[in-house]
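Please read the structure below before turning to the comments.
Laboratory data are not the source of any read-out in this text; all were calculated from the coordinates shown. This one's a predicted model, so the numbers in the text were calculated from it and none came from an experiment. Cβ coordinates were reconstructed from backbone atoms using ideal geometry, including for glycine residues, and neighbour counts include every protein chain displayed.
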Amino acid sequence: MPGERIILLGVNHKTTPVEVREKMAISGGYEQPLAELKRIEGVRECYLLSTCNRVELLLVAEPGEQLIDNILAFLFGDRVQREKCLEYLYIYYDRDAVHHLFMVSASLDSMIVGEAQILGQLKEAYRHAAKLNCTGTLLNRLLHKAFSVAKRVRTETAIGSSAVSISYAAVQLAKKIFGNLKDKKVLLIGAGEMAELAAEHLVGQGVAEVVVANRTLARGVELAKRFHGRAVSFDELLGQLEQVDIIISSTGSPTIILRQADVRPVMRARRNRPLFFIDIAVPRDLDPDLNDMENVYLYDIDDLSSVVDMNRSEREREAVKAARIVDEMTLSFQRWMDGMSVTPTILALRRKADGICRSELEKTLPRLAALSGEEKQAIEVMLSAITAKMLHDPLVYLKSESCGGRDTSEAKINALRTIFGLGEDES
Amino acid sequence: MSEISYLLFQSVLLVTFLAAAAYCVFFVGQKNKIRDVARVLLVSSGILQTLYIVSRYFLLGHAPITSQHETLVVFAWATSWAYLSFRWRYTVKNFGMFVSLLILLLLVLSALVSREVSELVPALQSWWLPVHAGVSLLGYGFLSLAFCGGLMYLLQERELKNKRFGYFFVRLPSLDALDQLNSHCLTTGFVFLTLGIVSGSLWARQAWGTYWQWDPKETWSLITWFIYLIQIHQRFTVGWRGKRAAVMAIFGFAAVAFTLWGVTYLLGGVHSYAR
């Protein structure tokens, strides 16, 4: 529709504190909020994304005070003051909206840049919007482009390859030492949360076995069960060292629990197969001198942090490349929209047809009380199929212009508008 | 023939240089397309080296493995094909760059020494010559792979131990992969080395009437052989691996190099036919 624009409104972790975000978190699925959104006057296409870090709306609508007020009411209800809301909310139009959406889908706007989750969330949100017929020509195209931006960024840059977390760093190092982790065994000394997380990552890489040594055996058994491993007592520690390859230590012990002198005979028994110690306890559990032994690698929490930092800076470099892809794709979408100068006419035509259908349905359906809901829906579907087919040829006629000269396009638009009585006030 | 031979050698140099350059570019940029190009170039280089050796055979009328130039070329050839045969079974990330640089070095050295065609000394006129020298050099080829693997191991191990992750950390393979490479190449190289010594000894019996005469080259071969024997023995018994194995592989290669050139230039003896 002439005057209609792509509008993106939202709040995210950067602009809005969590106290506000949790007040508006759209819980209980997408259906109800989407239906509400659709009812707002002037909104023709809509789409809603809600994650723990962001709530974003994408609309095709005619912008105006009234619309913004309605949206604010929809987002915040009366729980937050209007002025405050405007402070948190960002609103982008057309090109900027497209750019922002692409930044989000490329995971460049995420809290952890490059994390892969956001794409799944976008797709999920789009599935709901499409199911409820909230999206139309423009948003369908735009969102599919957003997915291909994400795909390009993923394949053409290494942005997703170096995740930034301590446990990921541990896995990364283990891989550089052992290559394949498939036949390796992990020993957890102490059952802290961090150790658990790291073990989970390692299990995700397919390690053969997890052994848990804890002071209180009961907790050890419990944790071991989670990983289908076994629990051993603290006294068996040295014996276990001969079997395992990766040791994650996180006890609350104030003193060092493993010294170089303890490990030296173990290495002989292991025939020098490498040992990888990860000490995430503070104060440290493991003798720093362990690292001086051949085929023994010891990393404490600070060392792991430096790996994380390295990964982070690697990501920033890749993010620059990714941003270029986003710019490129925004430009090409912009071009597509420009090329669709005939779009307003198409949209007007469609809207007119839809309007007629709806009003006729409203007249007819109440008189057909005997019909079940399903049958009514079938009639609606039939009606829209008829109009779509009726409009097909005029639309093809219109669109064929875009490859020819602009001048004839203008003439054809006028012709169509006259024939279908699409009033001047709408153009 | 000599012209063809000359052209072949120049193209070997060029193609090997391009292969090494492509591997270096791949090492920096990690773009898979460039690696594929580098592989094709290295295989071409291997084929050209073979052709060059064949052309040299026709030029000389005997196995081209006596002069310093020929030895270097055959050494490079053995290293190339040892790598390609190894590569066919195992993948070791960025191994190609190190190996191709070594091959290039050998070929450049061979270009610097005299390429003159010399008459074969009567003592060498035997079919033992290609067998003995060829097998020995093939062994050296595999041992030089172990040398490259050892260098890579030391670089990677240093990054892991010092916890300062620079250029090599992401680009070099895992320590385990490098250690396995060391083990495989040493074992294969050792078998060829042994065959080389045995064949040499049989030839000596035929030519000089005695199996062993403590000529400097023989002595040094034996020393090299023992260095590798100890290494392999220790790995199988007490599990020598990792850094120690890598250092030993480098040390062993130094012994190989000395046996091949040092002895000829410094110590002389019955093996020093050509300079």
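What whole-number distance in Å separates the alpha-carbon centres of the stretch B:32-67 and the stretch A:55-98?
When both Cα centres are located, 70 Å separates them.
Between A:Ser332 and B:Val108, how high is the FRET efficiency from 1/(1 + (r/R0)^6) when r is the Cβ-Cβ distance and R₀ = 45 Å? Nearest 0.05.
Computed FRET efficiency for A:Ser332 and B:Val108 comes out at 0.35.
Going Cα to Cα from A:Lys84, which aspartates and glutamates come in below 19 Å? Please leave out same-chain ones fewer than 8 positions away.
A:Glu19, A:Glu22, A:Glu56, A:Glu65, A:Asp69
Counting other Cβ atoms within 10 Å of each Cβ, which GluC sites (Glu not before Pro) in the stretch B:116-169 have at most 12 and sit in a DSSP loop?
Qualifying residues, ordered by number: B:Glu116, B:Glu119.
Collect residues whose amide H, placed 1.01 Å from N in the peptide plane, falls under 5 Å from the amide H of B:Arg241; neighbours closer than 5 in sequence don't count.
Excluding prolines and chain starts, which carry no amide H, there are no hits.
Relative contact order for chain B: what is it in percent, counting Cα pairs under 8 Å that are at least 6 residues apart?
This gives 19 percent for chain B.
About the Cα centre of the protein assembly as shown, how large is the charge dipole given +1 on each Lys and Arg Cβ and -1 on each Asp and Glu Cβ? Please answer in debye to the nearest 20.
It comes to approximately 1600 debye.
Would you be so kind as to identify which of A:Val171, A:Val149, A:Val381 lies farthest towards the positive end of the dipole of chain A, taking Lys and Arg as +1 and Asp and Glu as -1 on Cβ and the Cα centre as origin?
A:Val381
What length, rounded to one decimal in nm, is gained on full extension from A:Glu380 through to A:Ile419, with 0.36 nm per residue of separation minus their alpha-carbon distance?
Details: separation 39, 0.36 × 39 = 14.04 nm, distance 2.55 nm.
Contour length minus Cα-Cα distance gives 11.5 nm.
Need one number: % antiparallel among DSSP beta bridges in the protein assembly as shown, to the nearest 5.
Once the DSSP bridges in the protein assembly as shown are tallied, antiparallel ones form about 45 percent.
Would you look at the GNM of chain A, springs on alpha carbons closer than 10 Å, and say which of A:Thr345, A:Thr155, A:Thr51 moves the most?
Maximum among the listed residues: A:Thr155.
Please state the shape class of the stretch A:166-309: rounded when a/c is under 1.5, otherwise prolate if a/b exceeds b/c and oblate if not, all from the C-alpha gyration tensor.
Verdict is rounded for the stretch A:166-309.
Less than 23 Å apart at the alpha-carbon level, and either on another chain or at least 8 residues along: which lysines does that give for B:Lys93?
Correct list for B:Lys93: A:Lys175, A:Lys176, A:Lys182, A:Lys184, B:Lys31, B:Lys33, B:Lys161, B:Lys163, B:Lys243.
Projecting each Cα onto the charge dipole of the stretch A:166-309 (Lys/Arg +1, Asp/Glu -1 at the beta carbon, about the Cα centre), which of A:Ile247, A:Leu188, A:Asn272 comes out farthest on the positive side?
Of the candidates, A:Asn272 comes out farthest on the positive side.
What residue among B:Leu267, A:Leu132, B:Gln125 has its Cα farthest toward the positive end of the dipole of the protein assembly as shown, where the charges are +1 on Lys, Arg and -1 on Asp, Glu, each on the Cβ?
Towards the positive end, the residue furthest out is B:Gln125.
Would you mind working out the magnitude of the charge dipole of the stretch A:166-309 relative to its Cα centre, with +1 at each Lys and Arg C-beta and -1 at each Asp and Glu C-beta, to the nearest 20 Debye?
Charge dipole, the stretch A:166-309, about its Cα centre: 580 debye, nearest 20.
Classify chain A from the C-alpha gyration tensor, please: rounded if a/c falls under 1.5, else prolate or oblate depending on whether a/b exceeds b/c.
Prolate is the answer for chain A, as a/c is 1.5 or above and a/b outweighs b/c.
Using each residue's phi in the stretch A:384-391, evaluate 6.51 cos²θ - 1.76 cosθ + 1.60 at θ = phi - 60° and report the 3J(HN,Hα) Karplus result to the nearest Hz, with x for Gly and Pro.
6, 5, 4, 5, 4, 6, 4, 7
Cut-off under 25 Å on the C-alpha distance; same-chain residues fewer than 8 positions from A:Lys352 excluded. Which lysines are left, in chain and number order?
Answer for A:Lys352, where 25 Å is the Cα cut-off: A:Lys38, A:Lys131, A:Lys363, A:Lys376, A:Lys389, A:Lys399, A:Lys412, listed by chain and number.
If each residue's Cβ is checked for other Cβ atoms within 10 Å, how do A:Glu294, A:Glu65 rank with the fewest at the top?
In increasing order of surrounding Cβ atoms, one gets A:Glu65, A:Glu294.
Once the Cβ-Cβ distance between A:Arg226 and A:Glu41 is put in as r, and R0 is 56 Å, what FRET efficiency do you end up with, to the nearest 0.05?
0.60
Within a 10 angstrom radius of the beta carbon, how do A:Leu331, B:Leu84 rank from fewest other beta carbons to most?
Sorted ascending by nearby Cβ count, the order is A:Leu331, B:Leu84.
Shape of the stretch A:1-146 from its Cα gyration tensor (a ≥ b ≥ c, root eigenvalues): rounded if a/c is under 1.5, otherwise prolate when a/b > b/c, or oblate?
Cα axes put the stretch A:1-146 in the rounded bin.
Just to be sure I understand: with springs between alpha-carbon atoms less than 10 Å apart, which residue in A:Thr330, A:Thr251, A:Thr387 has the highest mean-square fluctuation in the Gaussian network model of chain A?
Sorting by GNM fluctuation, first place goes to A:Thr387.
Calculate for the protein assembly as shown the 222 nm mean residue ellipticity that helices alone would give, adding -39,500 (n - 2.57) per DSSP H run of length 4 or more and normalising by residue count, nearest 500 deg cm²/dmol.
-21500 deg cm²/dmol
Please rank B:Thr66, A:Thr16, B:Thr16, fewest neighbouring Cβ atoms within 10 Å first, as an exposure proxy.
Exposure proxy ranking, most exposed first: B:Thr66, A:Thr16, B:Thr16.
With r defined as the distance between the Cβ atoms of A:Gln81 and A:Gln117 and R0 fixed at 41 Å, what FRET efficiency is calculated, to the nearest 0.05? Let's see the in-between values first.
Details: r = 32 Å, r/R0 = 0.78.
Calculated transfer efficiency: 0.80.
Quick one: dipole size for chain B, taken about the Cα centre, charges +1 on Lys/Arg Cβ and -1 on Asp/Glu Cβ, in debye to the nearest 20.
1100
Defining a contact as two alpha carbons under 8 Å apart and six or more residues distant in sequence, what relative contact order in percent does the stretch A:187-300 show?
After rounding, I find 25 percent.
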